[in-house]
Structures are given as C-alpha cells and as structure tokens.
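Contents: one structure, followed by commentary.
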Amino acid sequence: MQHIRSICRASLIAASALSLLSASAMAAAPATSGFTPVAPPHFQPTGVYGDYLAGEFALSQGQPGIAAEAFLKAVAVAPHNHKLLQQAFLACAITGRPEAVALAHQLPDNQVAQLVLADHEARAGNWQAAEQRFRALPRQGLTQLLQPLLVAWAQQGAGNTRAALATLRPYLNGRNFRGVFALHAALIADLGGQVQEAGQLYREAQADSPVMNLRLAQILASWQARTGHAADAQRTLAELANAAPELSIAIPGLIGTDTQRPVQSAKDGIAETYVALAGALHGQNAAPFAQLMVRLALDMRPDFAAARLVGASLLTQQQHD
C-alpha cells in the first residue's frame, strides 16, 4: 500500500508542476491581437486511479461507506489487483456490506478476512468450521490474544464447555491479559452451567482487573445477583461509580438488568471478544482496525449496546484528530 501511495503522490506532484509551468508560460507570453490566454484544465483523476484516490480520501475522512463504493468500482475494472482487493474488503467489512465475505475468499493471507469467514461460519452454526478457521490464524500481533478466545468460544458454540475451558486454562497462569482470559473462561463456565468454576473464575477476573469498567461491572454484578448475592452486586456497581463518576448515571439501568445473563450464546461471546479488543485499541492511533472490531462484534450481536458505545467513542475521537 505504501508503494501505491508513493505512486499517487508522485503523480499528483507531477500534475501540479505541469499545471504551474503551463500557467507561467501563458503569463509570460506577450499579448497579441486575437490571442486569449486559456486557463489550464483542472487535473481530475479518472478510472481506476481516480476511484482508488476517492476511496483512500473517504477512508481518511471516516466515511467507509463512500470508500467502499469507490473501491468496488475500481475492483470491477481491475479484479486481480491485490491491494485494491484489500482496500475494498476493509471498507466493506467496516460498513458490514455483504461483499466483504466474497472479497475475503480472495484474501487467504489477510487475518481480518479469515476472521470474517470464520464469523460467517459461526453465524450459520457451523462451529467446527469456525474453530478450524480460528485455529489457522497466525499467532502474532493482536491475534495472540484473539485466537485462543475465539477458539474457545467456537468450542462452546459446539456444546463442548470442557474443551473450551481447557483451551483457556494455560493462559490463566500467564502474565499478559490474565484478567481477560479469566473473564471469558468465567462466561463460558457460566453459560455451560459450571457454577462453582464460574464463580472462581469471576473472582479471578475481578482480582486481575486493575480498574473497574462498565462492562466488567455489568458482568460481575449480573453473576452476583443471579447467585443470590445482591449486596455484592450493589458493591460492585458502587465501585464502578467511584472509579468513573461519569458512569453513575448508568447504574440504575444496570441494577434493572442485573438478573439477566450478559452473554447468552457463543455468538455473544465472540462479540465480547471483539469489543474488548476495540476498547483496548481506543486512543492508540488504530481507529480503522478498532472500528473493524466493532463491526465484527455487531455482525455477531446486532443489539450489543457496549459495541455501539465503543463505536461512537471511536468516531468522536476520529473527528477530533
């Protein structure tokens, strides 16, 4: 992509220079009878090149829908251009367009494309196929966190709670993201009816989370209220209000829903995984990828309020950058 950007930049500079030279030459030419200077035409890229530039500009302005239209037009003309395919896929995936799945099949080395295909299998209930795609993800970068969580949720989707917990257990003794792994293991145990293990894992997740956040408080309070510990649920929500006073307005709503299980299916669990990563990327100059994680979360769980809150926060941040 850097190569394409360099070519685009060089072309624009060259076009601008030609326009300036043309204007200077006409200004320097002596006025003669019957000669009327004509302004040089405005340079406006067309075709694949123009659609590519329009798509890149739309992405930079936080308008992935417009970008998707431009990139898809370019791909229709140059269907084998790998970089165009990647940009079209990115824009379509962010906006949740159905073309994202077809484009993903053409990008076997693109990690996000493989996530889209795995999620497509999960939504269809093909949990074994989803697990295989999640397992095939390379263990590098952010997928070091994502992969074991997604594999575990695919196993839970297939009804194998023990296998899912076994997948996550090695990470509960690690140093990195131990609280995240404990929380998802707790949610899996909770969903699978492993009450005693779920309680222990929820306590570990709370102990390994340095700061209480809205989603963690909601999940913990739900467990405590559902297991007959209403006073503990109240204390958890009070801790949230102390840690983030601006969230105190949300407390009454949380109290009203604390008897509902926050994750009711494996698809919900996958959405939790994506939105947690999007939240972690907030403020780290990774807005497009974070927005993509939000979109993947909403594809799995369209009514996920936490994902919409993170998405709105990301858009606000991008508008102020």
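Things worth noting here:
- Across the stretch 79-89, computed HN-Hα scalar couplings (Karplus, 6.51 cos²θ - 1.76 cosθ + 1.60, θ = phi - 60°) run x, 10, 7, 4, 5, 5, 4, 5, 5, 5, 4 Hz from first to last residue, x flagging Gly and Pro.
- Label reach from H82 (point 7 Å along Cα→C-beta): in the stretch 130-159, no amide nitrogen lies under 12 Å.
- Per-residue HN-Hα couplings for the stretch 261-273 [Karplus 6.51, -1.76, 1.60; θ = phi - 60°; Hz; x = Gly/Pro]: 5, x, 10, 10, 7, 5, 4, 4, x, 5, 4, 4, 4
- Between A124 and A312, full extension at 0.36 nm per residue minus the direct alpha carbon distance yields a gain of 64.9 nm.
- Heavy-atom surface of the stretch 166-261, accessible at 1.4 Å and reported per residue (Å²): 53
- Between A305 and A238, the distance separating the two model label sites (each 7 Å from Cα on the Cα→Cβ line) works out to 2.3 nm.
- Accessible surface of the stretch 192-279, 1.4 Å probe, proportion on carbon and sulfur as whole %: 53
The values are calculated or read from the model by the stated rules, or taken from the named source; none is laboratory data. On a predicted model such as this, the values are computed, not experimentally measured, just so you know. Because the Cβ atoms are built from the backbone with ideal geometry, glycine has one as well, and the counts that use them run over all protein chains shown. For accessibility, only protein heavy atoms count, side chains too; no ligands or nucleic acids. Shrake-Rupley method; radii C 1.70, N 1.55, O 1.52, S 1.80 Å.
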